[in-house]
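Enquirer: Below is the structure I would like to discuss, written out as structure tokens.
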Amino acid sequence: MLLDYHVHAVAHGEYQYNCPWIRKFIETARSRQLSEIGFTEHDEYAAKIDYRLLETLRQEYDDITIKIGLEVDYWEGREKQIQQLLSSYPYDYIIGSIHYLDGWAFDHPDYRDGFEQKDIDQVYKRYFQLLGRMVDSGLFTIVGHFDLIKKWGHRPIGHRLNYYYDEVLNKIKKSDLCVELNSAGLRKPVGELYPGPEVLKVMASMKIPITLASDAHHPSEVGEGVREAAQAAWAAGYREIASWSRGKRVMVPLFF
């Protein structure tokens, strides 16, 4: 079974929900033999989601399951706002992500030069500190692109990588959260899945559940790299992936 739980039909606000556009995403998912596709807009564009259209298409397609999630940016002090946002619709799942470090949009191309002005070890420390607080908030069902901080290829120097992520993985395990295996990193300068093989192997040994995601922002990207992600998961020791429905997790066999 293959699925893609991280699909942005409106991308970063430049597209609109309409039937022909949404069908392109679904048809690409079918052509890549996905069993499920999850539309998961960034929370800042939640008002653009046409829930009625998605519900209608759910009924129309009987060979692929359509899920509706939301990707929510976490930063300190935003918890009450997020709680209100999540009460507006019975989402199947909620992805929690870190895209900002104290106001710095570190993964945006326009601001990547910020890495040249900062201590990379401190950047990693702050990123995983925030990720831990996001997990502790109890607001999310899936942890998005676990090590996104490596997107442009920067790596810590002062410590091994596990120094930064060990505590977060323990929190994820304790909270029984799921981590997405996001293939978008294969399309970025880092050229690696989020999370990478080292982290994935540790997660497998801890029996932390995973799901699959492409982080598509265009129909052509739906399912891209998902099969490679599934193969990496299998190599790390995974034999199941998580599927979600109205906040309930079900583990299904991993086939690719």
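The values are calculated or read from the model by the stated rules, or taken from the named source; none is laboratory data. This is a predicted model, so every value here is computed, not measured. Here Cβ is always computed from backbone atoms with ideal geometry, including for glycine, and neighbour counts include all displayed protein chains.
Enquirer: β-branched (Val, Ile, Thr) and closer than 21 Å to residue 72 by Cβ: does that describe residue 94? Let's see the steps before the verdict.
Expert: Values: β-branched (Val, Ile, Thr): yes; closer than 21 Å to residue 72 by Cβ: yes.
Yes: the conditions hold for residue 94.
Enquirer: Select from segment 163-185 the residues that are aliphatic (A, V, I, L, M) and over 14 Å from the mean Cα position of the chain (by Cα) and write down the one among them that is nearest to residue 108 (Cα to Cα). Outline the logic, then answer.
Expert: Start the filter on segment 163-185 by keeping residues that are aliphatic (A, V, I, L, M), which leaves 168-169, 172, 177, 179, 181, 184.
Next, only the ones that are over 14 Å from the mean Cα position of the chain (by Cα) stay: 168-169, 172.
Working: 168: 24, 169: 25, 172: 26 Å.
Residue satisfying both the conditions and the ranking: 168.
Enquirer: Continuing with this model, one more query. Name the residues in segment 187-222 that are under 29 Å from residue 17 (Cβ atoms), surrounded by fewer than 20 Cβ atoms within 10 Å (Cβ to Cβ) and under 14 Å from the mean Cα position of the chain (by Cα), would you?
Expert: Matches in segment 187-222: 217 only.
Enquirer: If you don't mind, another one. Select from segment 48-91 the residues that are polar (S, T, N, Q) and part of a helix (DSSP H, G or I) and write down the one among them that is nearest to residue 102 (Cα to Cα). I'd like the intermediate steps shown before the answer.
Expert: Residues of segment 48-91 that are polar (S, T, N, Q), as a first pass: 56, 59, 65, 81, 83-84, 87-88.
Still in the running and part of a helix (DSSP H, G or I): 56, 59, 81, 83-84.
On the way: 56: 40, 59: 42, 81: 17, 83: 21, 84: 22 Å.
Among those residues, the one meeting the criterion is 81.
Enquirer: Same structure again: Taking segment 11-43, which residues are of a type in the set (A, V, I, L, M, F, W, C) and under 18 Å from residue 56 (Cα atoms)? Don't jump to the end; show me each part of the working.
Expert: Filtering segment 11-43 down to residues of a type in the set (A, V, I, L, M, F, W, C) leaves 11, 19, 21-22, 25-26, 29, 34, 37, 39.
Passing the criteria: 19, 21, 22, 25, 26, 29, 37, 39.
Enquirer: List the residue pairs whose Cβ atoms are under 7 Å apart, where the first residue sits in segment 124-139 and is part of a helix (DSSP H, G or I), the second is buried (at least 20 other Cβ atoms within 10 Å of the Cβ) and among the basic types (Lys, Arg), and the two are 6 or more positions apart or on different chains.
Expert: That search, which allows pairs on different chains as well, returns nothing.
Enquirer: Quick check on my filter: what residues within segment 19-45 are touching a helix residue (DSSP H, G or I) at 6+ places or on another chain (Cβ under 7 Å), in a helix (DSSP H, G or I) and closer than 20 Å to residue 70 by Cα?
Expert: Of everything in segment 19-45, those that are touching a helix residue (DSSP H, G or I) at 6+ places or on another chain (Cβ under 7 Å), in a helix (DSSP H, G or I) and closer than 20 Å to residue 70 by Cα turn out to be 19, 22, 24, 25, 26, 43.
Enquirer: Restricting to segment 47-70, name every residue that is under 24 Å from residue 2 (Cα atoms), basic (Lys, Arg) and within 20 Å of the chain's Cα centre (by Cα).
Expert: Result: 67, single match.
Enquirer: Do we have residue 73 as at pLDDT 95 or above, more than 17 Å from residue 126 (Cα to Cα) and either under 15 Å from the mean Cα position of the chain (by Cα) or among the charged types (D, E, K, R) (or both) here? Quick ask: steps written out before the conclusion?
Expert: Values: at pLDDT 95 or above: yes; more than 17 Å from residue 126 (Cα to Cα): no; either under 15 Å from the mean Cα position of the chain (by Cα) or among the charged types (D, E, K, R) (or both): yes.
Here the answer is no, as residue 73 does not meet what is asked.
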